[in-house]
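The values are calculated or read from the model by the stated rules, or taken from the named source; none is laboratory data. This structure is a prediction, so every number in the text was calculated from the model and none was measured. Counting neighbours? That spans all protein chains shown, and the Cβs are built from the backbone with ideal geometry, glycine included. Note: areas computed on protein heavy atoms with side chains; ligands, DNA, RNA excluded. Shrake-Rupley method; radii C 1.70, N 1.55, O 1.52, S 1.80 Å.
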Amino acid sequence: MRPSYPPLPAGFFRRHPAHIFAFGFGAGAIPFAPGTWGTLVAVPFCLLLQYLSAPQYVAFLALTFLLGVWLCQVAGKNLGVSDHPGMVWDEMVGYWIAVALVPPHWTWWLAAFALFRIFDIWKPWPISELDRRLHGGLGVMADDALAGIFTGVILFAAHGLLIAA
């Protein structure tokens, strides 16, 4: 269980553009289940992402992951907390990874949402190992990216089994 953190300083989002993005456009400032709210913010983006080609989607994921390392590094440094629970850009990118290989349909997006949240909260090995060993912006992003990969692989396999049945 993560420790409790004090409220964000007044004007935090205005101090640096990285703050608003790292906090999922403000969703991470919601005191209860910020990771779930951050993941929810990622869902509507799927309406646009479904129109990207596979290479464009991979480039989008790489770009948003690398951007997230920087965003979370800046926000964490400015807060004095390397992995503040309100930094939810990692949940957003992890969710986009999770839905990358499934059909663009709300049922798959819902399944990805639920399974991704389970992996992100439970943090089975090796996700827990990344969470424990990596710090700073890379540490914030890496465990959620791996949770997204786990989710995506499971749902991809489930989709394949449904097609084969």
Measure nothing but the geometry: give the 0 to 90° angle between the long axis through the Cα atoms of 54-79 and the longest principal axis through the Cα atoms of the chain, rounded to 10°. 20 degrees
Would you mind putting 57-67, 17-27 in packing order, based on average other-beta-carbon counts within 10 Å, highest first? 17-27, 57-67
With n ≥ 4 as the cut-off for DSSP H runs, can you work out [θ] at 222 nm for the chain, using -39500 (n - 2.57) per run divided by the number of residues, rounded to the nearest 500? -21500 deg cm²/dmol
According to a simple spin-label model (label point 7 Å from Cα along Cα-to-Cβ), what is the distance in nm between residue 81 and residue 153? 3.2 nm
Relative contact order (%) - region 87-165, alpha-carbon pairs under 8 angstrom, separation at least six: 46 percent
Quick one: helix 89-98 against the long Cα principal axis of the chain, what's the angle to the nearest 10°, folded into 0 to 90? 10 degrees
In Å², what does the accessible area per residue of region 76-122 work out to with a 1.4 Å probe? 42 Å²
Rounded to the nearest 20 Debye, what is the dipole magnitude of the chain about its Cα centre when Lys and Arg each give +1 and Asp and Glu each give -1 at the C-beta? 280 debye
Angle between the chain longest axis and helix 136-164 axis [Cα atoms, degrees, rounded to 10]: 20 degrees
Of the accessible area of the chain, computed with a 1.4 Å probe and all protein chains kept, carbon and sulfur make up a percent value of 75 percent
What relative contact order, as a whole-number percentage, does the chain give when Cα pairs under 8 Å and 6 or more residues apart are counted? 26 percent
Can you work out the Karplus-derived ³J(HN,Hα) for every residue in region 35-52? Use 6.51 cos²θ - 1.76 cosθ + 1.60 with θ = phi - 60°, whole Hz, and x for glycine or proline. x, 5, 5, x, 5, 4, 4, 6, 4, x, 4, 4, 4, 8, 4, 5, 8, 7
Would you work out which of 8, 153, 99 lies farthest towards the positive end of the dipole of the chain, given +1 charges on the beta-carbon of Lys and Arg and -1 on that of Asp and Glu, about the Cα centre? 8
Give, in nm to one decimal, the length gained when the segment between residue 5 and residue 36 is fully stretched (0.36 nm per residue of separation minus the Cα-Cα distance). 9.4 nm
